[in-house]
Amino acid sequence: MPCPSSPSTTSLHKPWDHGKNELIIGSSIPLVSVKMELFSAFNLHLRRPFWLLISLVFLLLLLLNSRVVLSDPNYLIGLGSYDITGPAADVNMMGYANTDQIASGVHFRLRARAFIVAEPKGNRVVFVNLDACMASQLVTIKVIERLKARYGDLYTENNVAISGLHSHAGPGGYLQYVVYIVTSLGFVRQSFDALVDGIEKCIIQAHENLHPGSIFVNKGEILDAGANRSPSAYLNNPAEERSKYKYDVDTEMTLLKFVDTEWGPVGSFNWFATHGTSMSRTNSLISGDNKGAAARFMEDWFQQNGIANSYSDESVVDGIPRRISNIIPDLHENHHELLELAASFQSSSGQPATKILSIAKRVRSALRQADKPGFVSAFCQSNCGDVSPNVLGTFCIDTGLPCDFNHSTCGGKNELCYGRGPGYPDEFESTRIIGERQFRKAVDLFNTASEKLNGKIDHRHSFVDFSQLEVTLPKQGGGSDVVKTCPAAMGFAFAAGTTDGPGAFDFEQGDNEGNAFWRLVRNFLKTPGKEQVDCQHPKPILLDTGEMKKPYDWAPSILPIQILRIGQLVILSVPGEFTTMAGRRLRDAVKTVLMSSGNSEFNSNIHVVIAGLTNTYSQYVTTFEEYEVQRYEGASTLFGPHTLSAYIQEFKKLATALATGQSVEPGPQPPDLLDKQISLLTPVVMDATPPGVHFGDCSSDVPQNSTFKRADTVTVVFWSACPRNDLMTEGTFSLVEILQGKDSWFPAYDDDDFCLRFKWSRPSKLSTRSQATIEWRIPQSASPGVYRIRHFGAAKSFLGSISHFTGSSSAFVVT
């Protein structure tokens, strides 16, 4: 849960109130109010027929002896969640393409979260949201293979969607095309396996949790979590089109609330467009960025308030849920007694440990959960292509002045222009704030959701070769033209980066020409032919990735497109980053097809959302007009100026098939390049400590008789080993424990908490010695008491064996 305090807002309401017309009764809800309502109804109906009184008595007995929902469940619903953090050391992070951004610790752990919705005797769909930069075609292929081996044809590429929330702070190396794994020194098996394993396990959980339930949908507006980072390109869209919209970004969040018949609310998924770039290109701690943070905030909020027998605003500190104060009932109030108690617990020498200990000690360990589904909340990505969470604007780091509007440069240099988040200059604070803004809106929508999804579960999926796709465009005045997409290529402005993460050298956004020097460099790799140059115009080609095949494909050409339907909700699974206006055009086109299909199930109440970065990744999709400007997003629109028109054409085919009950052609299969992958990342050879030192020993302990206050930072350094030896999946590298009674330590904060940071370092790349620095920023919600910090790790011997260890700091007092 978020540990720092935050500005106060309106109080958060009970998670089981989802509308005036629906009342969910679950194990966590007192039946007193329900009984009173029923007795009131009884009194009002004293003069009604006798059978009505009998019915009321029967209903009352049913409520008293079971958990029920006062609305007919129309679906089977199941949710699941699993750790996908991956290697927390040595691996290049995916997103910024910055070779210096190497993982060296954990801000908070990453998860895969899934929901399954099924008709009791019919279709079903699966949606998975990853705390990762994007989906990967290779990951999707291998997950589907595993699901088919386990479930047959129940889950296939047709009805499973795997989407990334676009954090730029997760381990890379899990995609199969060369251009996306160059900076990670090729393929990273640990990153890949962590994703495939975690996705499979979260889907298995969701499948095993399937139970009758209902889904509610709600929408709301967030005005302060995204800003357009390419406004000059957006302004190139027709003025008439722009006049339809109040803002140059999409401000709407669409949320689903899942309500289990037996357990009550069990989860929520929402879609909202803003980039996962609150954490900067220099950050080296694994993080789910603002959306991953929002998911953790909401899951902890519900865990705190949703399972209690009664609700109290005292369990929320400035809108942020607390856990510990309600768990530890008997705290010592005398400071002197606390110091004496803390002094009796000095730092322990590093000790051998079992692998399971790290999992068992987690605050949210499944080993300690009640026999009920855990609450799962996902904050999914949408058409975020030109939307930045750095909402304060773009400024030159040398002068502090605003950047050039058209090119995002400072004195002609793009590397000096950066966007500022709301917590500037603290990127962690910006991440928290943008995450919290999404979290608060999600809670509001969750608490007020009343529109119930009803209707069929359905899906359509097709693979499309976008490298030379014919696209029919209507002409003004009638008739049509046929144009074609192009093999993938990246423009010069791609190398300029964005204001979220600028590039280097002399590239700049808005470059329609390129320069002779970089053309010469390009030609060493591949010189694009005239047909390709003409097709991609006005993009000056920097990398002709679609025609580069050595040692294997540099870029995708065959892409999946998919529509999932749950009643009146339609999810468009797109394999890239659509800009704001591109996403609006796609949504409108699909909605128009559905509403004009003659199918009465699709009316004005239909909800169409875009799930970005889904099933595979193919960079950006801009409008034709934005492409002409050739800012970063246009230069990264791989298949030429008609890419968006191609998507709209193909999605309209899927929508027509969905509305009319027709099937679609599966299309050409994308390649499976796993056997061709090359990895240049060196393995861990061995770990060592100085003579007389054990793994887990404190290198720098807290001072004796230490007392800290809320908002202070406690820092402890341990002798450690490479985190790649054991990823601690579903476990933790760091732990804060609170003393209960005289000698019982209780887990309070771990790798999943925003306030606790695990930083790993070694003196040099070839050194066998390393240290783990654990920093705890004491949150305002922390309870007074005696605490200590623990570290878990695994060391590799010269012979290759892995041994787990743990160590703890001296105890200290928090007042």
For this session: From the list Phe405, Phe379, pick out the single residue that is closer than 30 Å to Asp300 by Cβ and touching a residue at least 12 places away in the same chain (Cβ under 8 Å).
Result: Phe379
Problem set entry | Counted residues, segment 243-296 - those being within 17 Å of Thr499 (Cβ to Cβ) and in a loop (DSSP other than H, G, I, E, B) | 12
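One line per residue, one yes/no per condition, for (1) under 32 Å from the mean Cα position of the chain (by Cα); (2) more than 16 Å from Arg362 (Cβ to Cβ):
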| position | (1), (2) |
| --- | --- |
| Trp760 | yes, yes |
| Ser764 | no, yes |
| Arg769 | no, yes |
| Arg777 | yes, yes |
| Gly785 | no, yes |
| Ile789 | yes, no |
| Leu799 | no, yes |
| His804 | yes, no |
| Thr815 | no, yes |
Problem set entry | Pair list, Cβ < 8 Å and 6+ apart or interchain, from segment 737-748 residues that are touching a residue at least 40 places away in the same chain (Cβ under 8 Å) to residues that are among the small types (Gly, Ala, Ser) and surrounded by fewer than 19 Cβ atoms within 10 Å (Cβ to Cβ) | Ile738/Ser783; Pro747/Ser365
Seminar exercise, completed: Per the filter on segment 447-503, residues assigned to a helix (DSSP H, G or I), within 23 Å of Leu525 (Cα to Cα) and open to solvent by 30 Å² or more (accessible area, probe 1.4 Å) are Phe494
Problem set entry | Residue, nearest to Thr448 (Cα to Cα), within segment 210-223, restricted to residues that are outside any strand (DSSP E or B) and in contact with a Ser or Thr (Cβ under 9 Å, 6 or more places away or on another chain) | Ile222
Exercise. Say we look at segment 700-712 and pick out the residues that are polar (S, T, N, Q) and in a strand (DSSP E or B); which of these is nearest to the chain's Cα centre (by Cα)?
Worked result: Ser700
Problem set entry | Any chance Asp248 is under 23 Å from Thr431 (Cα atoms) and in the same structural domain as His607 (by the TED database) | yes
Problem set entry | Residues located in segment 522-553, provided they are more than 18 Å from Leu469 (Cβ to Cβ), basic (Lys, Arg) and open to solvent by less than 70 Å² (accessible area, probe 1.4 Å) | Arg522, Lys526
Seminar exercise, completed: Of (1) of a type in the set (A, V, I, L, M, F, W, C); (2) open to solvent by 40 Å² or more (accessible area, probe 1.4 Å); (3) touching a Phe, Trp or Tyr at 6+ places or on another chain (Cβ under 9 Å), Ile286 fails just (2)
Seminar exercise, completed: By residue number, the members of segment 333-357 that are farther than 26 Å from Phe805 by Cα and touching a residue at least 24 places away in the same chain (Cβ under 8 Å) are Glu333, His335, Leu338, Leu339
Problem set entry | Failed criterion for Glu633 (all others in (1) within 27 Å of Tyr234 (Cα to Cα); (2) open to solvent by 30 Å² or more (accessible area, probe 1.4 Å); (3) in contact with a strand residue (DSSP E or B) (Cβ under 9 Å, 6 or more places away or on another chain) hold) | (2)
Exercise. If we only count strands (runs of 3 or more DSSP E) wholly inside segment 713-758, which ones have 3 or more residues that are open to solvent by 10 Å² or more (accessible area, probe 1.4 Å)?
Worked result: 713-720, 744-750
Exercise. So is Asp511 of a type outside the set (Phe, Trp, Tyr), in a loop (DSSP other than H, G, I, E, B), within 30 Å of the chain's Cα centre (by Cα) and crowded, with 16+ Cβ neighbours inside 10 Å or not?
Worked result: no
For this session: Determine if segment 658-672 includes at least one residue that is open to solvent by less than 20 Å² (accessible area, probe 1.4 Å), within 29 Å of the chain's Cα centre (by Cα) and more than 20 Å from Phe758 (Cα to Cα).
Result: yes
For this session: Scan segment 410-440 residue by residue and report those that are among the hydroxyl-bearing types (Ser, Thr, Tyr) and either part of a helix (DSSP H, G or I) or surrounded by fewer than 22 Cβ atoms within 10 Å (Cβ to Cβ) (or both).
Result: Tyr424, Ser430, Thr431
For this session: Name every residue in segment 110-131 that is touching a His at 6+ places or on another chain (Cβ under 8 Å) and open to solvent by 10 Å² or more (accessible area, probe 1.4 Å), in order of residue number.
Result: Asn123
Exercise. Out of Leu564, Leu569, Leu594, which single residue is under 26 Å from Gly226 (Cβ atoms) and surrounded by 21 or more Cβ atoms within 10 Å (Cβ to Cβ)?
Worked result: Leu564
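Results for (1) open to solvent by 30 Å² or more (accessible area, probe 1.4 Å); (2) modelled with pLDDT under 95; (3) more than 17 Å from Ser382 (Cα to Cα), shown as yes or no for each residue.
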position	(1), (2), (3)
Val188	no, no, yes
Lys219	yes, no, no
Gly226	no, no, no
Pro265	no, no, yes
Asn270	no, no, no
Met279	no, no, yes
Seminar exercise, completed: Log entry, pairs with first residue in segment 358-373 being farther than 23 Å from Ser268 by Cβ, second being small (Gly, Ala, Ser) and at pLDDT 90 or above, beta carbons closer than 7 Å, six or more apart or on different chains, reads Ser358/Gly731; Ile359/Gly731
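The values are calculated or read from the model by the stated rules, or taken from the named source; none is laboratory data. Since we're looking at a predicted model, the values are computed, not measured. Positions of Cβ are generated from backbone atoms using ideal geometry, with glycine treated the same way; all protein chains shown enter the neighbour counts. With ligands, DNA and RNA removed, areas are computed over all heavy atoms of the protein, side chains included. Shrake-Rupley method; radii C 1.70, N 1.55, O 1.52, S 1.80 Å.
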